[in-house]
Protein chains: 2
Amino acid sequence: MAANISEAEIRKIVENIIKGVQGGSENKWTSTEYNGRKLIGIVSLSTLVVSDPDTKISDIMHTDYVYINVYDDQEEVASQFKKYDFLAMPVVDKEHRLVGIITIDDVVDVIEAETTEDMELMAGIIDFDDNDSEYLDVPVITHVKNRLPWLLILMVAYIFTGMIITSFEEKLSEVICLIAYMPLLMGTGGNCGSQAATLIIRGLATEEVDTSDAFKILWKELRIGILLGAILSAFNFLRVCFLDRNGVLVSFTVCAAMLFIVIIAKVIGSMIPIVVKKVKLDPALIANPTISSISDAIALSIYFLMARVFLGL
Amino acid sequence: MAANISEAEIRKIVENIIKGVQGGSENKWTSTEYNGRKLIGIVSLSTLVVSDPDTKISDIMHTDYVYINVYDDQEEVASQFKKYDFLAMPVVDKEHRLVGIITIDDVVDVIEAETTEDMELMAGIIDFDDNDSEYLDVPVITHVKNRLPWLLILMVAYIFTGMIITSFEEKLSEVICLIAYMPLLMGTGGNCGSQAATLIIRGLATEEVDTSDAFKILWKELRIGILLGAILSAFNFLRVCFLDRNGVLVSFTVCAAMLFIVIIAKVIGSMIPIVVKKVKLDPALIANPTISSISDAIALSIYFLMARVFLGL
């Protein structure tokens, strides 16, 4: 039994392990059953050093240790380290044999790389090469390749936005001052949606929220949207009515549109990442550009609807 | 001299250190000069265990160690850990006395928190309480408080966008079909700017790029912008001319605007974080919403200028 070896033998094993990994940076070593080489427990070097020389390893080893499987995704490994605050974890194969060890300093690099990927995806950048090249080392043509797909997809989305406007074109020309508020309404909708989406995408990544929280999130964003929408509408009423002097009916049109746009943008922005996660895709993939183009179309539809209600267009 | 103590004494010191920190998770212990308690070197536990019992500490300790100052910002500490791949680092005060130790598992939490803060800032969310509360635990009113400031600031920015449109209103009513392409041009400009800004903000955070790289970045984004702008313009020409059948002159207006908007958005999007960093602010603070509202105003100005050039408006 490996758990019966003496301190002198342990010193030898530790020496070999440390030689083997060159840096000597890990603080845990692993005891394996010699027949089958199955991992049966772990002992930290610090425990070992301060324990009595006659103590059996089986008395000081932890058998309820956490381990990593050779087929685990690196993102999964990183989340295990974050959860348990270990400095090193054993890696085992299907037969539970020890095949390696991962130290937390490597995990830090993984966390950094995953974060960069998430941020890029959220900004509509797909890193096709995924070779961790630094920004300045990536050729212009590769930068173009990484950024083009989303921009092209969104251009198609803007065909629909264009169609919404075209269908309302003649009516717009009757109350031409309505055009001036289009960027305000589309922009605010996009920003509100991005705020909600970013919090949920990040929350899902750090496991702060889960897809099962969908209704709680929906309820929260609904109330946030109502409150924010009301405040922004009030400010805009002052602007449209008293600064721009566009009359009460145009002011009502803009402000009612603002209220509904903010509420819907908050709800949609928070729910899209949940739905994407639910169908097992990366929530960061359906990115802020998507949310802002969806909210553009919604913003215009609501705006023109309000124009019909308040201005009879 | 502390460097002359025997292995038995060391065992005692290690025992005390480990007792003191309860978890026993750090793998380095520190030798301090007894008179003055200045930090003179560090020895890793693993080196200690495998060295000859008669070896003097002064022979195996590293004197060229890296340390953390008690007044260092936690973000700075995290970047030191990322740079050197250590599992633990000593903390010293102004007189270079050892006052503590930081282990990398705490740093992982710091990295996660800083990343979340960066992402939130980039989406225009300011976490005033900064109490690391989870999304669902934060009250609605706090969510509103965190998200409102940027939305209000941007509403002011949209007053200028509105003024640009108002000044062009009458001319717009002459060629009403131009309105339909406003969301496309503003949206594409915003997305192009955000793509560039995100890469640079992240690059500055991971120290991949530096403010001194400004001209290299400018030159790269300029070429990326020209290439992307040309491709997107070509696609849009097909749409405006053959799908929407709005004539060659309107097509030229939209496509020329698209080309210049993409180029300028790429350049401005990449330069804003550099400038913000240069004046010692957090690049993530001047966020994507700002870049998209700036690029909205620029997009409209360029669009109307092109309308004057090609359509004589």
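Under the rule a/c < 1.5 gives rounded, and otherwise a/b versus b/c splits prolate from oblate, where does chain A land using the Cα gyration tensor?
The shape class here is prolate.
Under a no-solvent Debye model with one identical scatterer per Cα of segment A:180-313, what's log10 I(q)/I(0) at q = 0.16, 0.19 Å⁻¹?
Normalising to I(0) and taking log10 leaves -0.75, -0.96.
So what are the ³J(HN,Hα) numbers for segment B:239-248, from phi and the Karplus equation (6.51, -1.76, 1.60; θ = phi - 60°), rounded to whole Hz, Gly and Pro as x?
Values per residue, Gly and Pro as x: 5, 5, 7, 9, 7, 7, 6, 9, x, 5 Hz.
Taking +1 at the Cβ of each Lys and Arg and -1 at the Cβ of each Asp and Glu, which of A:Ser293, A:Val99, A:Ile268 sits farthest along the dipole of the protein assembly as shown towards its positive end, judged by Cα position relative to the Cα centre?
Sorting the options by dipole projection puts first A:Ser293.
Name the long-range amide H neighbours of B:Ile101: under 5 Å, sequence gap of 5 or more, or other chain; modelled H, no Pro or chain starts.
HN-HN under 5 Å from B:Ile101: B:Val91.
Residues of segment B:222-242 with accessible area at least 10 Å² lower in the all-protein-chain context than alone (1.4 Å probe)?
Listed by number, the residues meeting the 10 Å² cut-off are B:Arg223, B:Ile224, B:Leu227, B:Leu228, B:Ile231, B:Leu232, B:Phe235, B:Asn236, B:Arg239.
What is the percent carbon and sulfur in the accessible area of the protein assembly as shown, measuring with a 1.4 Å probe over the protein chains and ignoring ligands? Spell out each step's value before the answer.
On the way: 16130 of 27570 Å².
For the protein assembly as shown, the apolar C and S fraction of the accessible surface comes to 59 percent.
Taking only protein heavy atoms into account and a 1.4 Å probe, give the accessible area per residue of segment A:114-194 in Å².
Each residue of segment A:114-194 exposes 37 Å² on average to a 1.4 Å probe.
Chains B and A: buried accessible surface, both sides, probe 1.4 Å, rounded to 100 Å²?
Using a 1.4 Å probe, the pair buries roughly 9100 Å².
Taking the Cβ of B:Arg223 as the centre, find all other residues whose Cβ is under 14 Å away and add up their charges (Lys, Arg: +1; Asp, Glu: -1).
+4
Using the structure shown, select from A:Lys82/A:Lys266; A:Lys83/A:Lys277; B:Lys83/B:Lys278; A:Lys56/B:Lys83; B:Lys82/B:Lys216 the pairs with a Cα to Cα distance greater than 32 angstrom.
Cα-Cα > 32 Å for A:Lys56/B:Lys83; rest within.
Once you have all Cα-Cα distances for the protein assembly as shown, histogram them in 20 Å bins from zero and send the whole-percent values.
Binned Cα distances yield the sequence 18, 42, 26, 12, 2.
For B:Leu313, list long-range residues whose amide hydrogen, built 1.01 Å from N in the peptide plane, is under 5 Å from its own amide hydrogen.
Distant-sequence amide H within range of B:Leu313: B:Arg308.
Taking a probe of 1.4 Å, how large is the accessible area per residue of segment A:233-313, in Å²?
That works out to 42 Å² for each residue.
Within 10 Å of each candidate Cβ there may be at most 11 other Cβ atoms; applying that plus a DSSP loop requirement, which chymotrypsin sites (Phe, Trp or Tyr not before Pro) in segment A:38-142 survive?
Answer by residue number: A:Tyr71, A:Phe128.
Calculate the mean, over all residues of peptide A:202-210, of how many other protein chain Cβ atoms lie within 10 angstrom of the residue's Cβ. Present the calculation step by step, with values, prior to reporting the outcome.
Numbers: counts 9, 4, 1, 4, 6, 1, 6, 3, 1.
Taking the mean over all residues of the peptide, I get 4.
Would you mind classifying segment B:138-250 by shape? Square roots of the alpha carbon gyration tensor eigenvalues, ordered a ≥ b ≥ c; an a/c under 1.5 is rounded, otherwise it is prolate if a/b is larger than b/c and oblate if not.
Because a/c hits 1.5 or more and a/b fails to exceed b/c, segment B:138-250 counts as oblate.
Determine the calculated [θ] at 222 nm for chain A from helices alone, applying -39500 (n - 2.57) to every DSSP H run no shorter than 4 residues and normalising by the residue count; nearest 500 deg cm²/dmol. Walk me through the numbers before you get to the answer.
Values: 10 runs with 195 residues, N = 313.
Calculated mean residue ellipticity at 222 nm is -21500 deg cm²/dmol.
Are there GluC sites (Glu not before Pro) in segment A:206-289 that DSSP puts in a loop and that have at most 16 other Cβ atoms within 10 Å, and which ones?
Here the GluC sites (Glu not before Pro) that fit, given the DSSP loop and packing criteria, are A:Glu207.
Determine the relative contact order of chain A: mean sequence separation of Cα pairs under 8 Å and six or more apart, normalised by residue count, in whole percent.
Result for chain A is 17 percent.
Can you give me the C-alpha center-to-center distance between segment A:43-74 and segment B:205-231, rounded to a whole angstrom?
49
What list of ³J(HN,Hα) values in whole Hz, one per residue of segment A:94-104 in order, does the Karplus curve 6.51 cos²θ - 1.76 cosθ + 1.60 (θ = phi - 60°) give from phi, with Gly and Pro shown as x?
So the J values, rounded to whole Hz, are 4, 8, 6, 8, 5, 10, x, 9, 10, 9, 5.
The values are calculated or read from the model by the stated rules, or taken from the named source; none is laboratory data. The structure presented is a predicted model; accordingly, all values stated were derived computationally and were not measured. Methodologically, a virtual Cβ is constructed for each residue, glycine included, from the backbone with ideal geometry; neighbour enumeration extends over all protein chains shown. Ligands, DNA and RNA are excluded from the accessible area calculation, which covers all protein heavy atoms including side chains. Shrake-Rupley method; radii C 1.70, N 1.55, O 1.52, S 1.80 Å.
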